[in-house]
Structures are given as C-alpha cells and as structure tokens.
Amino acid sequence: MARAVPGSELIASRRSRVCFELATERDDAEVRRLLRDNPMQSQIALSLEREPSFFADSDLPGEAKQTIVARENGRVVCMGSCTTRLRFVGGEQLRVGYLGGLRLDGTVAGRFDIVRGGYEFFHELQRENPADIYFTSIAADNERARRFLERGLPGMPRYNFVGEFVTGLLPVLRRRAKAVQQCESATSV
C-alpha cells in the first residue's frame, strides 16, 4: 500500500531510467494492478479499479483517450489518462480534456521526477492537437494531491481551483471475498 509522502520528501532522482509511452492492451494487467494496489488515500481509501479490462472503454464514440504509462526497470510505476470530448462551455463548443487516473506506485512514492516526466510526455503528445481547456477532479480531502498539483512546480502544468461538486459512492462487496467468508463460516464449528 502506498504511504503518504510529505512535500519535503519529494525525490528528484535522475539516476534511474524511466521511459514514458502510450499504454496499449499489452499493459492491461499492469495498469489494473497499479490502480488496485494504489488507492487514493483520504478519509476513506478509494480504489478505482477497471476490471476485467482497463481498455474496455477505449473506443467510445465522440471521445479520444490517451493513457500514459511510466516504466522503470520494465515495470509500470506511474500512469495517467486524458479523455477529450466536445462539450459546451459558456455556450461555446470546445474540446475539453479530462486529466484523470494519475497513480504513482507506492514503491516510488515521492518521485516527483516521474510525475513531471509524465506531464512533459503528455504535453508533447498534445502539442499538435491540444484541447481548448483541461480539467481534473481531486477528492476534497486529498490535501496531499491538491497541494502538490496546485504548487506550481517547474515542469508541471498550472492548476487552479475552480469549484467543488459531490459524487456519491456505493460500497461494493466482492463476491469472492464473500464466498470465502461463507466457506470459513461453514467450516468453523
């Protein structure tokens, strides 16, 4: 599980070799592992898993989706996505990009160089056909992510707070876990 890393512990190591590329279906298992094993930490730990396939929504009509992965020693250690759609903003139709799914593996927690490198790679991918505006959403109590993204660090995009909204979440019991509990209950005497 990922641990919280204070801003003072941000690490900018250039010694390791991290490569960035667009994710493909061959990355599916590693991307799902990264999402599953690195939940967002706030008042509740929230894991946004994409089972059985991360790429199941990759060809939805009217949108373009790019997911970037960062590999270190052949292992996916970071990811993020941008989904672009036409939307009306202030009565004008614009290309709007939603930046989401940013996950940094707990084994490389605090590695600012990886996150910054991912944003630089994304910027290059978007250079020829950028969205008119980009936005992201961050859980209100995820102070660590908000402080990091809104800090204005070199090599990072400028994030500005726009407003708040409410999202309802429903807990889901996993069938397998429930089945195991039932077996244990049935066998304990």
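The values are calculated or read from the model by the stated rules, or taken from the named source; none is laboratory data. Given the structure is predicted, the values throughout are model-derived calculations rather than measurements. Quick reminder, even Gly has a Cβ in these numbers, built from the backbone with ideal geometry, and neighbours come from all protein chains shown.
Structure data summary
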| quantity | calculated |
| --- | --- |
| Candidates 63, 49, 72, filtered to the one that is more than 24 Å from residue 126 (Cα to Cα), touching a Lys or Arg at 6+ places or on another chain (Cβ under 8 Å) and either surrounded by 15 or more Cβ atoms within 10 Å (Cβ to Cβ) or modelled with pLDDT of 80 or more (or both) | 49 |
| Flag if residue 121 is within 22 Å of residue 33 (Cβ to Cβ) and in contact (Cβ under 8 Å) with a residue 60 or more places away in the chain | yes |
| Single residue of 132, 141, 113, 105 found to be loosely packed, with under 14 Cβ neighbours inside 10 Å and either over 10 Å from residue 78 (Cα atoms) or at pLDDT 95 or above (or both) | 141 |
| Candidate set from the range 88-99 (those that are surrounded by 15 or more Cβ atoms within 10 Å (Cβ to Cβ) and not aliphatic (A, V, I, L, M)); member that is farthest from the chain's Cα centre (by Cα) | 95 |
| Pick from the range 46-58, criterion in a helix (DSSP H, G or I) and of a type in the set (A, V, I, L, M, F, W, C), ranking: farthest from residue 111 (Cα to Cα) | 56 |
